[in-house]
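S.K.: Can you read through this structure? Questions will come right after.
The values are calculated or read from the model by the stated rules, or taken from the named source; none is laboratory data. All values derive from a computational prediction rather than experimental measurement. Every residue, glycine as well, gets a Cβ built from its backbone with ideal geometry; the counts of neighbours run over all protein chains shown.
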Amino acid sequence: MERIWQKHYGSIPSDVETRGTVVDLLHEAVGKWGDKPAFHCLHTNLSYNEVERLSRDVAAWLQAQGLKKGDRVAVMMPNLLVHPVVSFGIIRAGGVQVNVNPLYTPRELGHQLRDSGAEIIVIFNQVTPTLAAVLDDTPVKTIVTTGFYDLCDLQAPNPPVHEAIAPKAITFPQVLREGRELEFMQPEITEDDLIFLQYTGGTTGLSKGAMLSHGNLMANIAGFEAWVDDVTRHGEEVIITALPLYHIFALMVNFLCYFKLGSHNILIPNPRDMPGFVAEWKKWRVTAFTGVNTLYLGLLHTPGFDECDFSALTVSFGGGSPTQRAVSEGWKKLTGLHITEGYGLSETSPIATANMLNAPDFTGTVGYPFPSTDIKILDENDNELGVGEAGEICLKGPQVMRDYWGREDEHDKHFTHDGYFRTGDIAEVSAEGLVKIVDRKKDMILVSGFNVFPNEIEDVLAAMPGLMESACIGVPDDRTGEAVKVFCVRKDPVVTAEDVEAYCRDNLTAYKVPRHIAFVEELPKSTVGKILRRELREP
């Protein structure tokens with residue numbers, strides 16, 4: 001498709017020039033911002049210089065454990081000061097960071113560790129019981145544990161490590177002490193080298209690791225920097241990070257982009273504690289914020305949030321799930337800014353499209369493609385569609401992943417013959433180049449910005465005693481956008497909805513647990529026995 005959207009770019013370049021790696025980004029930012037505070041959490045600041053020094057010690061320690069360029073290291077923790085230090089340490093040592101949701105169940109964690117082949121994990125103390133349940137069935141050989149108060153000025157005991165993990169683990173403070181005495185040899189890292197395995201839901205019920213390179217991230221960072229340049233005050237930004245850093249949105253925008261811009265990044269370990277989150281916001285003159293629709297909605301309904309100072313706020317980014325117009329209007333009424341919505345995926349590092357920051361109001365679209373990004377709208381037979389026609393949006397650009405880890409032999413399933421990534425999302429493009437997502441992957445459910453795939457829920461329930469079969473769909477939900485609903489056929493008539501929910505909680509992350517459970521005599525099926533979810537969606 002012709003880049004009809006570029007006539008709206010103004011001073012934004014039509015293409016971005018990508019140079020260097022994230023290691024270069026770190027050194028350039030440290031050289032520019034030095035003793036300026038980079039991150040804040042739990043009453044403690046870390047300066048740019050301190051992040052450089054501490055991450056060097058982590059990198060040296062990792063090399064001493066035998067880490068070579070390309071080896072995978074899993075990171076499983078909330079937003080704490082340790083997170084950026086560990087991330088930069090892994091990156092500097094040439095490792096590939098595997099981002100893990102700390103709320104994962106043992107089943108989910110085990111799959112990700114086995115699939116990635118990670119032999120080292122840095123894990124938050126409180127979730128070590130999850131690792132203990134699957135450790136023997138993973139390739140993990142080295143465990144680093146960390147707690148709330150590592151690197152913090154607060155002096156308090158960290159939560160205990162699970163008894164099965166403690167004897168096999170080293171604490172993060174020990175890593176720093178040992179790494180400080182070790183020599184660090186910077187490996188040669190290029191734009192083509194991998195930096196992250198970003199796991200995303202798979203239609204098989206098992207998540208897949210998007211292979212993201214330094215070049216992918218640097219291209220998206222360059223595009224973002226150009227996009228926000230007119231409203232950005234380098235070295236003066238204060239961004240508050242409530243989205244988890246294991247999520248690609250916060251990882252690229254909040255962490256890497258705003259580090260390059262010299263921002264002071266306020267990390268929120270537990271955004272579910274909305275009163276605590278609001279109390280922290282009140283301490284700062286926040287200039288930038290990122291969130292999913294449910295996070296914006298939660299803040300708007302938290303007492304005291306209207307007492308925050310929004311006079312410095314210049315950008316409010318929305319992504320991860322569709323932003324509701326009513327939420328954007330409520331946000332604008334309170335803060336003076338509407339929510340600037342964009343679109344992307346883990347596979348695109350993540351931003352593919354975004355609305356202009358000078359748009360006078362909420363557009364109800366996901367905006368224009370980013371610099372250097374091309375799109376195609378294809379029908380079910382791969383015929384290219386034109387303006388105003390709805391079809392699968394396919395993306396090509398320097399931010400698009402190489403492939404899925406361990407599934408490179410399936411490349412032709414994920415990409416068109418001319419190299420466009422098949423998103424599976426249905427979209428249309430207006431005559432002005434605005435992209436509107438009209439549907440999502442056929443069966444995917446989007447809960448508070450997180451992808452939930454029905455096959456995974458059904459696979460779990462297939463192992464539940466007392467159930468014959470089940471089918472899963474998404475239903476509208478005022479709080480989370482969508483919620484999971486399952487239809488179950490009982491084998492044992494005494495099985496209750498409470499039993500189903502309890503079984504799911506034992507095997508699934510909380511946001512995947514069904515909120516609605518219905519029992520039916522049989523499920524609708526095609527002539528070949530395929531369950532017809534579309535019929536379950538009908539009233």
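S.K.: Can we say ASN270 is over 20 Å from GLU341 (Cβ atoms) and in a strand (DSSP E or B)?
M.R.: no
S.K.: Which one is modelled with the highest pLDDT among residues in the stretch 240-258 that are more than 15 Å from LEU295 (Cα to Cα) and β-branched (Val, Ile, Thr)?
M.R.: Here the residue is VAL253.
S.K.: Can you work out which of the residues in the stretch 149-201 that are part of a helix (DSSP H, G or I) and in contact (Cβ under 8 Å) with a residue 40 or more places away in the chain is nearest to the chain's Cα centre (by Cα)?
M.R.: Here the answer is PHE172.
S.K.: Restricted to the stretch 1-59, and to residues that are touching an Asp or Glu at 6+ places or on another chain (Cβ under 9 Å) and of a type in the set (Val, Ile, Thr), which residue is modelled with the lowest pLDDT?
M.R.: THR18
S.K.: When the stretch 231-258 is examined, which residues are found to be aromatic (Phe, Trp, Tyr) and more than 25 Å from VAL278 (Cβ to Cβ)? Please lay out each step first, then the result.
M.R.: Looking only at the stretch 231-258, we keep the residues that are aromatic (Phe, Trp, Tyr), and these are 246, 249, 255, 258.
Listed by number, the list is empty, since nothing qualifies.
S.K.: Out of (1) closer than 17 Å to THR423 by Cα; (2) over 22 Å from the mean Cα position of the chain (by Cα), what's the single condition that is false for ASN358?
M.R.: Only one criterion is unmet by ASN358, namely (1).
S.K.: A follow-up question, please. How about the stretch 1-50: which of its residues are of a type in the set (Val, Ile, Thr) and either surrounded by fewer than 18 Cβ atoms within 10 Å (Cβ to Cβ) or not in a helix (DSSP H, G or I) (or both)?
M.R.: Here is the first cut: in the stretch 1-50, the ones of a type in the set (Val, Ile, Thr) are 4, 12, 16, 18, 21-23, 30, 44.
Once the filter is applied, which keeps residues that are of a type in the set (Val, Ile, Thr) and either surrounded by fewer than 18 Cβ atoms within 10 Å (Cβ to Cβ) or not in a helix (DSSP H, G or I) (or both), the stretch 1-50 yields ILE4, ILE12, VAL16, THR18, THR21, THR44.
S.K.: So if I check each of THR363, THR348, which one is touching a strand residue (DSSP E or B) at 6+ places or on another chain (Cβ under 7 Å) and hydroxyl-bearing (Ser, Thr, Tyr)? Can you show your working first?
M.R.: Values: THR363 fails: touching a strand residue (DSSP E or B) at 6+ places or on another chain (Cβ under 7 Å).
Residue meeting the stated conditions: THR348.
S.K.: Answer yes or no as to whether SER213 is buried (at least 24 other Cβ atoms within 10 Å of the Cβ) and either small (Gly, Ala, Ser) or at positive phi (or both).
M.R.: no
S.K.: Within the group HIS27, HIS40, which residue is under 25 Å from the mean Cα position of the chain (by Cα) and farther than 18 Å from ASP193 by Cβ? Lay out the reasoning, then the answer.
M.R.: Values: HIS27 fails: farther than 18 Å from ASP193 by Cβ.
Within the list HIS27, HIS40, the selection yields HIS40.
S.K.: Identify the residue in the stretch 387-427 that is of a type in the set (Gly, Ala, Ser) and without any contact (Cβ under 8 Å) to a residue 40 or more places away in the chain and, among all such residues, is surrounded by the fewest Cβ atoms within 10 Å (Cβ to Cβ).
M.R.: So the first thing to find is which residues in the stretch 387-427 are of a type in the set (Gly, Ala, Ser), and the list is 388, 390-391, 397, 406, 419, 424, 427.
If we keep only those that are without any contact (Cβ under 8 Å) to a residue 40 or more places away in the chain too, we end up with 391, 419, 424.
Working: GLY391: 21, GLY419: 12, GLY424: 17.
Among those that are of a type in the set (Gly, Ala, Ser) and without any contact (Cβ under 8 Å) to a residue 40 or more places away in the chain, it is GLY419.
S.K.: For the stretch 310-346, give me each residue that is among the charged types (D, E, K, R), touching a His at 6+ places or on another chain (Cβ under 8 Å) and modelled with pLDDT of 95 or more.
M.R.: At the first step, the residues of the stretch 310-346 found to be among the charged types (D, E, K, R) are 325, 329, 332-333, 341.
From what is left, the residues that are touching a His at 6+ places or on another chain (Cβ under 8 Å) are 329, 332.
Residue satisfying the conditions is LYS332 alone.
S.K.: Here's another thing I want to ask about it. Do any residues in the stretch 230-259 that are in contact (Cβ under 8 Å) with a residue 12 or more places away in the chain have Cβ atoms under 7 Å from those of residues that are charged (D, E, K, R), where the two are at least six apart or on different chains, and which pairs are they?
M.R.: Going by the 7 Å Cβ cut-off, the qualifying pairs are GLY235/LYS36; VAL238/ARG285; CYS257/GLU225; TYR258/GLU237.
S.K.: Give the residues of the stretch 108-148 that are in a loop (DSSP other than H, G, I, E, B) and either touching a residue at least 24 places away in the same chain (Cβ under 8 Å) or buried (at least 19 other Cβ atoms within 10 Å of the Cβ) (or both), sorted by residue number.
M.R.: Filtering the stretch 108-148 for residues in a loop (DSSP other than H, G, I, E, B) gives 117-119, 138-141, 147-148.
Answer for the stretch 108-148, where residues must be in a loop (DSSP other than H, G, I, E, B) and either touching a residue at least 24 places away in the same chain (Cβ under 8 Å) or buried (at least 19 other Cβ atoms within 10 Å of the Cβ) (or both): GLY117, ALA118, GLU119, THR138, PRO139, VAL140, GLY147, PHE148.
S.K.: While we're on this one: Those residues that are polar (S, T, N, Q) and at pLDDT 95 or above, I need them from the stretch 260-301; list them, please. So that I can check it myself, show each step before the final result.
M.R.: Filtering the stretch 260-301 down to residues polar (S, T, N, Q) leaves 263, 265, 270, 287, 290, 293-294.
Once the filter is applied, which keeps residues that are polar (S, T, N, Q) and at pLDDT 95 or above, the stretch 260-301 yields SER263, ASN265, THR287, THR290.
S.K.: So which residues in the stretch 425-456 are modelled with pLDDT of 90 or more, closer than 26 Å to VAL387 by Cβ and not basic (Lys, Arg), if there are any at all?
M.R.: Passing the criteria: ALA427, GLU428, VAL429, SER430, ALA431, GLU432, GLY433, LEU434, VAL435.
S.K.: Take LYS436 and tell me if it is in contact (Cβ under 8 Å) with a residue 60 or more places away in the chain and not acidic (Asp, Glu). Outline the logic, then answer.
M.R.: Values: in contact (Cβ under 8 Å) with a residue 60 or more places away in the chain: yes; not acidic (Asp, Glu): yes.
Criteria met by LYS436.
S.K.: Then there's this: So in the stretch 350-383, with the set limited to residues that are surrounded by fewer than 24 Cβ atoms within 10 Å (Cβ to Cβ) and among the polar types (S, T, N, Q), which one is modelled with the lowest pLDDT?
M.R.: Within the stretch 350-383, the match that is modelled with the lowest pLDDT is ASN381.
S.K.: Determine, yes or no, whether LEU243 is in a helix (DSSP H, G or I) and either in contact with a Cys (Cβ under 7 Å, 6 or more places away or on another chain) or surrounded by 24 or more Cβ atoms within 10 Å (Cβ to Cβ) (or both).
M.R.: Values: in a helix (DSSP H, G or I): no; either in contact with a Cys (Cβ under 7 Å, 6 or more places away or on another chain) or surrounded by 24 or more Cβ atoms within 10 Å (Cβ to Cβ) (or both): yes.
When the stated conditions are applied, LEU243 does not pass them.
S.K.: Okay, next question. For the stretch 469-485, what are the residues that are among the hydrophobic types (A, V, I, L, M, F, W, C), surrounded by 15 or more Cβ atoms within 10 Å (Cβ to Cβ) and over 14 Å from TYR511 (Cβ atoms)? Let's see the steps before the verdict.
M.R.: Kept after step one, since they are among the hydrophobic types (A, V, I, L, M, F, W, C), are these residues of the stretch 469-485: 471-473, 475, 483-484.
Retained after the next criterion (residues that are surrounded by 15 or more Cβ atoms within 10 Å (Cβ to Cβ)): 471-473, 483-484.
Residues satisfying the conditions are ALA471, ILE473.
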